[in-house]
Amino acid sequence: MSGQEIERKFLVHKSVDWKAMAKSSSRIRQGYFDAVNTVRIRIRDDRGYLTIKGPSRDGGLSRYEFEREITLREAEELMQLCEPGIIEKRRYLIDFGGHTFEVDEFHGDNEGLVMAEVELSDESESFDRPAFLGQEVTGDRRFYNSHMRCNPFSLWRGTLPEEYR
C-alpha cells in the first residue's frame with residue numbers, strides 16, 4: 001500500500017465493552033529507525049511489514065504512507081536494528097457504520113492506553129461515532145506510536161482524565 005493516509009484518532013472510553021464488538025484481533029510488535037520520516041518495522045501475528053510515513057499535514061490528519069509486506073524473517077532481523085522502545089499492542093477490528101475502526105490496546109511501557117483510529121477517503125468525510133469513541137487526539141504527538149517509544153504512556157498517563165487511564 002502506498003498513497004495518502006487520512007485518519008482520525010480517538011481515546012477509547014474504558015466503560016464501554018468495545019471488545020465484544022470486535023470481529024478479530026492481532027498481536028503487533030513494531031520498532032522504529034531514527035529518521036527524518038517515520039520508518040517502521042511491524043510484525044503482525046506471523047507477517048512482517050516495512051512502512052515509511054512522511055510528515056503529517058493538516059494537524060496530523062493526513063500524510064503520505066508507503067507500506068510493503070516483507071518476510072517474517074526479514075522483519076525479525078530488521079527489528080534487531082531498530083532504536084530502543086519497541087511498541088507492543090493488540091489491535092481489534094470493529095466494523096461500525098460502514099467503517100472499520102482499529103482499536104489498539106497497548107502493552108509494556110504503554111500499558112493502559114487504548115486508542116481507536118478510523119481511516120477516511122477524504123479529510124471531510126463524515127462517519128458514525130460508536131459509543132466507545134472518546135476525546136479526539138488526531139495530531140497530538142503524544143499519541144503517535146513513534147513518539148511513545150521514547151515517551152511512553154507510563155510517564156504521562158496522569159495528564160489524562162481517569163476514564164482514559
Query raised in the report: Mind checking whether some residue in segment 15-38 is more than 27 Å from Pro84 (Cα to Cα), crowded, with 19+ Cβ neighbours inside 10 Å and over 16 Å from the mean Cα position of the chain (by Cα)?
Result: yes
Report task. Run down Ile41, Ile52 and say which single residue is among the aliphatic types (A, V, I, L, M), without any contact (Cβ under 8 Å) to a residue 40 or more places away in the chain and either surrounded by 15 or more Cβ atoms within 10 Å (Cβ to Cβ) or part of a helix (DSSP H, G or I) (or both). Result -> Ile52
Report task. Report, ordered by the first and then the second residue, all pairs with beta carbons closer than 9 Å, sequence separation of six or more or different chains, a first member in segment 137-165 that is among the aliphatic types (A, V, I, L, M), and a second member that is surrounded by 13 or more Cβ atoms within 10 Å (Cβ to Cβ) and in a loop (DSSP other than H, G, I, E, B). Result -> Met148/Gly85; Met148/Leu113; Leu160/Leu113
Report summary line: Taking segment 113-124 and keeping only residues that are exposed (fewer than 15 other Cβ atoms within 10 Å of the Cβ) and in contact (Cβ under 8 Å) with a residue 24 or more places away in the chain, one is left with Glu119, Ser121, Asp122, Glu123
Report task. Could you tell me which numbered condition Gln4 fails, if it satisfies all but one of (1) touching a Ser or Thr at 6+ places or on another chain (Cβ under 9 Å); (2) modelled with pLDDT under 95; (3) surrounded by 14 or more Cβ atoms within 10 Å (Cβ to Cβ); (4) not β-branched (Val, Ile, Thr)? Result -> (3)
Query raised in the report: When Ala75 is evaluated against the numbered criteria (1) under 22 Å from Ile6 (Cα atoms); (2) buried (at least 17 other Cβ atoms within 10 Å of the Cβ); (3) modelled with pLDDT of 95 or more, which criterion, by number, is the only one it fails?
Result: (1)
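The values are calculated or read from the model by the stated rules, or taken from the named source; none is laboratory data. Nothing here was measured: the structure is a model prediction, and the numbers come from that model. For neighbour counting, all protein chains shown are included, and Cβ atoms are generated from backbone atoms with ideal geometry for every residue, glycine included.
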